[in-house]
Amino acid sequence: MLRFIARRLLETIPVLFIILTATFFMIRFVPGGPFTAEKAVTPEVMRNLERAYDLDKPLWQQYTRYLRNVVLHGDLGPSFKYPNRTVNEIIADKLPVSLELGAEALLIALVAGLTLGVLAAVKSNTWIDYICSSTAMIGICLPTFVLGPLLVLLFAIRLGWANASGWYGPVDRVLPCLTLGCVYAAYIARLTRGGMLEVLHQDYIRTARAKGAGQLRVIFKHALRGGLLPVVSFLGPAIAGILTGSFVIETIFQIPGLGREFVNSAFNRDYTLVLGTVILYAALIIALNLVVDVVQVWLNPKLKFE
Amino acid sequence: MVSLSPQNLPSADLTTDQLERGTSLWRDAWHRLRRNRLAVFGGTVVIVFSLTCVLAPWIFHLSYQDQNLDLGAVAPNAQHWLGTDTLGRDLLARILYGGRISLMVGLVASLVALVIGVSYGAIAGYVGGTLDSVMMRIVDIMYALPFTIFVILLMVFLKDPMQAVDAWLGRFSIFGFHAFEGMQGVGKILLLFAAIGAVEWLTMARIVRGQILSIKKMEYIEAARSMGLGTPRIIFRHMVPNVLGPVIVYTSLTIPAVMLLESFLSFLGLGVDAPMSSLGTLIKDGSEKMEEFWWLLVFPGGAFSLTLFSLNFLGDGLRDALDVRASKD
Amino acid sequence: MITRTTALLLAAMLAIAPVTMAAEANKPAPPQIWRVGNGAEPQDLDPQAIQGVTEDNVVMALFEGLASEDPHDLHPVPGVATSWDISPDGLVYTFHLRANAHWSNGDPLTADDFLQSYRRILSPTFASEYAYLVYDYVAGAREYYDGKLKDFAQVGFKAPDPLTLQVTLKNPTPYLLNIIASHCAWNPLPVRVIARFGAVDQRRTPWTRAGNLVGNGPFLLKEWRPNQKITVVRNPQYWDAATVKLDAIEFYPTDDISNEERMFRTGQLDMTYELPIAKIDAYRKDHPDTLRIEPWLGLYYYDCNVQRPPLNDKRVRKALALAIDRESLVKNVTRGGERPAYAVSYPGTAGYTPRARLEGGLDEARRLLAEAGFPGGKGCPTIELLYNSSETHRAIAEVVQAMWRKNLGVDVRLVNQEWKVYLDMRHTTNFTLARAGWIADYVDPNVFLEIFVTGNGNNDTNWSNPEYDRLFAAALSAHSNAERYEIYQKMDAILVDEVPVIPVYDYTRVHAVSPRIKGYYPTLLDHHPYKYIWLED
C-alpha cells in the first residue's frame, strides 16, 4: 500500500504542473483583463499599469517567472484585484473559514444522508423508504439559493433567533451549515440507498444472513461496506468542493470564505488569485481522490493495490 | 438465442422457462418496471409534462413573451392560471417554454455525461494498470481546471461556428418549408451541452470505475474472459449492465444539477437568450421576489420538483428492475 | 481554526470593553455606530488607486481634500484649506492651508504633502487610473506624466511656504473646486508614511491596511476584515473633530442585495446600499419613512455603434430613440422614481439644463424609419442588443425590445455577457447596440458631454463630430459659466440630433435608511459628508 501511495504522490507532480500551466494560459485568453473597468482606462495609463504588473513582458517570461516563484518560494504572487494583499495571505485568511463551514456542513450531510439512505435501503419500497427518499428529494429540489433565503426569512426575520448573515458568533454557523449540508445530505442519501440495495441482494449478504447474523450486524458489518462504494467515489471530489467553500452560501450569508474568491477571481480576471485557488483545489482533489482509492480497497477486500 | 447476459452466466437457478422465452436483461427489466406503480406514475408524469412543454406553442394560447406592463405581477386568476411576472407575462406559458429548455438540457446533457462517464470509467477500471492511471489523472486535471474560465473561452472561440450553425439552420429548408426558421441560438444550446457534458461526466467516471473494480474479480467475469470474449464485449456486455444501479441513481442526481447549472451558465451568456427562459432562471428570479410574488417561485419550483420527483421514481424503478438479484428474493 | 476564531472574538471583546465602560461612565447614550451596507468589498483604500463607489465611500471618511463638500448641495466648503484666491484670469489658484491640520499620526499636514501627493499621482510607474483628473487641468502635468518633462518643479504646483499651495492651470476651469471637493484624486496622502512600506510610486504596498494607514479625515481606519466589514472610528487629530458626531462607521460589503435588505430588517444595518426593485413598492406602502429615493447624477443609455448597419443611419437611431416609452419603463420596470431622459445632460446640473430634447412621437419615429428604407421595419436587419448579466438590465432590455417590435416592427435580439466580456466588447465597439451607464465624478455638465469627444476612451460608439469637438475645446477656455453653458447647449443639441447614444433615464439612488439617521441629505453624487451625520434614539 505504501508503494501505491508513494507512486500516486509522484504522479501528482506532473498533474499539478499540467493544471497550473493550462490555467495560466487559459485565463490569459479570456476577454477582458484585470484592469478592464467601466470607466475606460486611457491607453497611456493602461500601458503603465501593465508595466507596473509585468504584464508587458512576453507571456512565456511571465510564466517561467511565476512558476519559479511558486516552486522555489511558495509565493503565489500579489493579487491584482486587491493590491495590498498577496494571494498567500488571502488564502491563509479565508481557507480556515471555508474549512470550518465545510466541515460542519459535511458532518450534517454525512449523518443525515447516511441515516436516510440506510433506512431507505433496508426498508426499501415501504413507507419508511418513501418518506426517507422524499425527504432527500426535497433537498435536491431546493437549490441553495432558495433554501438559504427561506431559512433566513424563517429563523432570522420571523423568529428572530439568528442574524440574517455574518460569521461572528456560533449562532451564525447554524443556518449556512444547514443550508450547505442539506444538499450534500440529499446526494449522499440517494447514493447510499442505491449502493446498499445493490449489495443487500448479493450472495455474500445472503450467506451472512443464512449463517444467522443479526439484521444490524449484516447492515453495518457487511452491507454498508460494499454499499458505500458509490458514496465514497462521490465524496472525493465533493469534499474538495465543500471544503474550499460554496460561492452561493458564502454570498447569501456574507461569509468571508474562499468559495467567493474562487468564482469572483475568475470574474475579476485576478490572474494570480485564480491560479492560487486552482492550485489549492487541485491539490485537495488529488489528495482526496487518493484517499478514496485507498478507502475503496479497504472497503472491498477483493481489490488489491495495483 | 440466449443472450449471454451476465446474470445468466453464473446462475444455475435459472428456470428453463425463462431460458426458452429467451428473456433478455432488458425485457425482464421492462416487465418488472411495469409492475412498479411509483415508477409507472413517475414515467407518466415525465412524459405528460415533456409533451405539454414540447407542444406548448400549439396547445396553449398565451405567449411567453407578450408583456402587459400596466398589469404587472398578479396572482393566479381565471385568465392567467399561474399568475403573471413583473412584466405582466403569463407565468404558465413561461414555465412551459422554460420546461422545454430545462428538460432538453437536463436530459441531453446528462445523457452526454452518462455515455462519456460510463465508457471512460469502465475502460479505466477494467483495463487497469498504466492506462487506468493516466485516464484517472486526466480526470483529476479536468476537475481542477476553472470552469468559469473554461466556459468563457468556449464561447469566445466557438462564437463563429455557433453563428454558422444558426445561419445554416435559418437557411435550411425542406420543400421550401423553413423548418428551423427563427430558431436563433441553437448553436449556443449545442455549446451548452458540450460545456455541461464536459464537467458532469467526471464523477460518473469515478463512480463507474469504482464499481467495475469491485466486480472485476467476480467469477462470471473470469468465466467470460476464459471463454475468450473480447475486452469491449466483456466491458459493455457483461460489466456495465452490472453497475447500472449506481449509474442510474447518479444520473437522476445529475439531471437537477445540470438544470441548475444551466442558470449559472446563462449568467455567463451561454444558454437561451432573453426573453426566453428556463426553469432554472425562473426559479432564480422567483427566489429574489418570493416575499412579494410567491407564485413566481412556487410554480416554477413546483414544476421543477415534480419533474425531478418523477424522474427519481422512474430511476428507482429502473434500478430495481435492472437488479436481477432483488427479484429473486 | 475554531480556536483561532475564538481567540479573535475574545480579542475583539477585550478591545471593545474599555470603550463601553468609559461610555457608561461618562454619558448614558450608547456609542454612535452607524452600520452601512456598502455594496462590495473595496479593492483598496489608496485614494489614488481606486475607482469604485464602494472604495470612495470609505475613503471619504479617511481623507479630506483642500476643499470639502457641503452636506446639503455639495458646494465646495473649506477643508484642509481655510480659504483660496483665484487670479482674475482664472488660471492660478492659491490655497491657504489651516495651521491646525494634522495627519492621524499627529504629524502636521503641510503644502509639501500636497506636492508629494500630486507627484505620486502623476508618476507613470504608479499608473493611477484617475491621473487625468490632474493632468487634464494643471499646467505641465501632462508633459510630466508623459515623461517629456523630467522636473516636477516645472509642473504647475508650488508651495511658497508650508501653509500655501499654488496651482497653475492650463485653462480656466470653473469647476476645478468641485473636482477638488468631491474627488479623492486631489486628496493629500501621507507620502512619508507610505514610503515606510515600500516605494512611493508603486502599488501593492501594504500601507492601506488597518494599523498602517494614516489619513487626515474625520475618521481613521480601525479594522479591515476582508469580505466582512471595515470599521472606522472618530479621528481625534482631525481639525474639526468637534463637529464629528458618530463614534464609528461600519461598512459591510453586501454583494447580495436581497440579503442586504434582510440584514436591514433584522437590524444588522442602519442603511442599505441598494434596494431590490421588487421591494420598492412594499416599502413605499409599509415603511415610507425608511424608503429613500434620491436623485443621482447619472445616465442610463444605449450606445449605438454608428458604423454598423442599420445604426449607421441616424434616422434609424433617432427612430429607435423615439420609440421607447420611457414613462412606462420607469413606472413599471425600474420603479425607483427615475426620470425619463430625453437628452444626454442631466437637467439641473450645477445650474445647467439642456434645452435640446428628443421630440416627436411614434409617428415621427415610423416616418424616419421608413425614410431610412425600412417602412414598418421591413428589411431592417435584426439588431443585437448587448447587456451585462443582471436582472434589471435584462428586464429593461426585454421591455425595450418589445416596444421596438410593437412600435416599429424592428427585431432585436438580446445578448447578455458576463461583466468583463461585456466591457471588453463595449470598449472595442464590438457590438451593434449596447447598454451603458455613466455616473458623474463631480457636479458639472461637462461630465457627460466630454465622453463623446473624439478620442475619449469612454466614447464607445465610433461617433465623431468635428463641430462637437470644436465646441468642447471652446468650452474649456470659456471665461464664465454662462458662456460655457451656452456652448454646452449646442453640444447637447448635436447629440439629440445625431443620436450616437439613446438616453433612457436619469438614475436615482434607492435605499432603505433607518429613520434614526439624521444629518443625511439627498445629494446629486450620493455623497454624504460623514461628519454631519448622527443617530437619534
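List for segment B:57-92: residues with 10 Å² or greater reduction in accessible area, all protein chains versus chain alone, probe 1.4 Å?
For segment B:57-92, once contacts with the other chains are taken into account, B:Gln65, B:Gln67, B:Leu69, B:Asp70, B:Thr86, B:Leu87, B:Arg89 lose 10 Å² or more.
Between C:Glu223 and residues 5 or more places away or on another chain, which pairs have amide H atoms under 5 Å apart, with H built 1.01 Å from N, and which residues are they?
Correct list: C:Thr231.
Output the relative contact order of segment C:296-508, whole-number percent, from Cα pairs under 8 angstrom with separation of 6+ residues.
38
Using a Förster radius of 35 Å, what is the FRET efficiency between C:Leu149 and C:Trp419 based on their Cβ-Cβ separation? Nearest 0.05, please. Mind showing how you got there, number by number?
Details: r = 37 Å, r/R0 = 1.07.
Between C:Leu149 and C:Trp419 the formula returns 0.40.
Springs between alpha-carbon atoms under 10 Å, Gaussian network over chain A: tell me which of A:Cys132, A:Cys177, A:Cys141 tops the mean-square fluctuations.
Of A:Cys132, A:Cys177, A:Cys141, the most mobile in the Gaussian network model is A:Cys141.
Along each of its three principal axes, how wide is the spread of alpha-carbon positions in the protein assembly as shown, in whole angstrom units, largest first?
114, 73, 60
Sequence neighbours fewer than 8 away in the same chain don't count; with that in mind, list the lysines whose C-alpha is under 30 Å from C:Lys150.
Those lysines meeting the cut-off are A:Lys39, A:Lys57, C:Lys158, C:Lys170.
Take the residue pairs C:Lys229/C:Lys285; C:Lys285/C:Lys331; C:Lys331/C:Lys406 and return only those whose Cα atoms are more than 25 Å apart. Mind dumping the intermediate values first?
Details: C:Lys229/C:Lys285 31 Å; C:Lys285/C:Lys331 16 Å; C:Lys331/C:Lys406 19 Å.
Over 25 Å Cα-Cα: C:Lys229/C:Lys285.
What's the magnitude of the charge dipole for chain C around its Cα centre, counting Lys and Arg as +1 and Asp and Glu as -1 at the beta-carbon? Answer in Debye, nearest 20. Display every interim value, and only then the final one.
Working: 55 positive and 66 negative charges, 158 e Å.
The dipole of chain C has a size of about 760 debye.
Using a Förster radius of 30 Å, what is the FRET efficiency between A:Thr135 and A:Trp161 based on their Cβ-Cβ separation? Nearest 0.05, please.
On the way: r = 23 Å, r/R0 = 0.76.
Calculated transfer efficiency: 0.85.
Total accessible area buried between chains C and B, 1.4 Å probe, in Å² to the nearest 100? Walk me through the numbers on the way to the answer.
Numbers: alone 22950 and 17650 Å², together 38370 Å².
In total, chains C and B hide about 2200 Å² from solvent.
Interface A/C, total buried accessible area with a 1.4 Å probe, nearest 100 Å²?
Details: alone 17160 and 22950 Å², together 35290 Å².
Accessible area lost upon association: around 4800 Å².
Relative contact order for segment B:251-327: what is it in percent, counting Cα pairs under 8 Å that are at least 6 residues apart?
Numbers: 45 pairs, mean separation 18.9, N = 77.
Taking the mean separation of contacting Cα pairs over the length of segment B:251-327, I get 25 percent.
With θ set to phi - 60° and the Karplus curve 6.51 cos²θ - 1.76 cosθ + 1.60, what are the ³J(HN,Hα) couplings of segment B:152-159 in order, to the nearest whole Hz, using x for Gly and Pro?
Result, ordered by residue: 4, 4, 4, 5, 5, 7, 9, 5 Hz.
Roughly how many debye, to the nearest 20, is the charge dipole of the protein assembly as shown about its Cα centre, given +1 on each Lys and Arg Cβ, -1 on each Asp and Glu Cβ, and no other charges?
The calculation lands at about 4300 debye.
Give me the accessible area buried between chains B and A, both sides summed, with a 1.4 Å probe, in Å² rounded to the nearest 100. Present the calculation step by step, with values, prior to reporting the outcome.
Details: alone 17650 and 17160 Å², together 29490 Å².
Using a 1.4 Å probe on protein heavy atoms, the buried area is about 5300 Å².
For segment C:114-127, take each phi angle, set θ = phi - 60°, evaluate the Karplus expression 6.51 cos²θ - 1.76 cosθ + 1.60, and give the result in whole Hz per residue in order, putting x for glycine and proline.
These are the phi-based 3J(HN,Hα) values: 5, 4, 4, 5, 5, 5, 5, 5, 8, 7, x, 5, 6, 6 Hz.
Which of the residues in segment A:63-90 show a loss of at least 10 Å² in accessible area from their chain by itself to the complete set of protein chains, at a probe of 1.4 Å?
A:Pro78, A:Lys81, A:Tyr82, A:Pro83, A:Asn84, A:Arg85, A:Glu89
So, with a 1.4 angstrom probe, what is the percent of accessible area on segment C:296-508 that is carbon and sulfur? Provide the component values of the computation, followed by the final result.
Values: 3590 of 7130 Å².
With neighbouring chains kept in place, the figure for segment C:296-508 is 50 percent.
So, with a 1.4 angstrom probe, what is the percent of accessible area on segment A:234-306 that is carbon and sulfur? Provide the component values of the computation, followed by the final result.
Details: 1460 of 1920 Å².
The C+S portion of the solvent-accessible surface of segment A:234-306 is 76 percent.
Send over a whole-number figure in Å² for the accessible area per residue of the protein assembly as shown, probe 1.4 Å. Walk me through the numbers before you get to the answer.
Details: 45550 Å² over 1172 residues.
Per-residue value: 39 Å².
Let me check against my output: what whole-number percent is the relative contact order of chain B, with C-alpha pairs under 8 Å and at least 6 apart?
On the way: 429 pairs, mean separation 91.0, N = 329.
Relative contact order for chain B comes out at 28 percent.
Using R₀ = 30 Å, calculate the FRET efficiency as 1/(1 + (r/R₀)^6) where r is the Cβ-Cβ separation of A:Ile5 and A:Thr207; round to 0.05.
Numbers: r = 33 Å, r/R0 = 1.09.
Once rounded, the FRET efficiency stands at 0.35.
Mind checking the angle between helix A:59-73 and chain A's longest principal axis? C-alpha axes, 0 to 90 degrees, to the nearest 10.
Rounded to the nearest ten degrees, it is 60.
Can you tell which of A:Gly236, A:Tyr204, B:Leu153 lies farthest toward the positive end of the dipole of the protein assembly as shown, using +1 and -1 charges on the Cβ of basic and acidic side chains (Lys, Arg; Asp, Glu)?
A:Tyr204
Do any residues of segment C:260-308 show a loss of at least 40 square angstrom of accessible area between the isolated chain and the full protein assembly, using a 1.4 Å probe, and if so which?
SASA drop of 40 Å² or more in segment C:260-308: C:Arg262, C:Arg265, C:Thr266, C:Gln268, C:Ala278, C:Lys279.
May I ask you to give the percent of accessible area on segment C:59-160 that is carbon plus sulfur, with a probe radius of 1.4 Å? Numbers along the way, then the final one.
Details: 1960 of 3640 Å².
The value for segment C:59-160 is 54 percent carbon and sulfur by accessible area.
In µm²/s, what is D for chain C at 10 °C and 1.306 mPa s, where D = kT/(6 pi eta Rh) by Stokes-Einstein and Rh is the Kirkwood radius from Cα pairs? Could you put the intermediate results ahead of the total?
Numbers: Rh = 25.2 Å.
Value of D from the Cα-based Kirkwood radius: 63 µm²/s.
Would you be so kind as to identify which of C:Leu149, C:Pro108, C:Gly79 lies farthest towards the positive end of the dipole of segment C:52-198, taking Lys and Arg as +1 and Asp and Glu as -1 on Cβ and the Cα centre as origin?
C:Leu149
Give, rounded to the nearest 20 debye, the magnitude of the charge dipole that segment C:296-508 has about its Cα centre when Lys and Arg contribute +1 at Cβ and Asp and Glu contribute -1 at Cβ.
Dipole of segment C:296-508, to the nearest 20 debye: 580 debye.
The values are calculated or read from the model by the stated rules, or taken from the named source; none is laboratory data. Small disclaimer: the values here were computed from a predicted structure and weren't measured. For neighbour counting, all protein chains shown are included, and Cβ atoms are generated from backbone atoms with ideal geometry for every residue, glycine included. Side chains included, ligands, DNA and RNA excluded: accessible areas come from the protein's heavy atoms. Shrake-Rupley method; radii C 1.70, N 1.55, O 1.52, S 1.80 Å.
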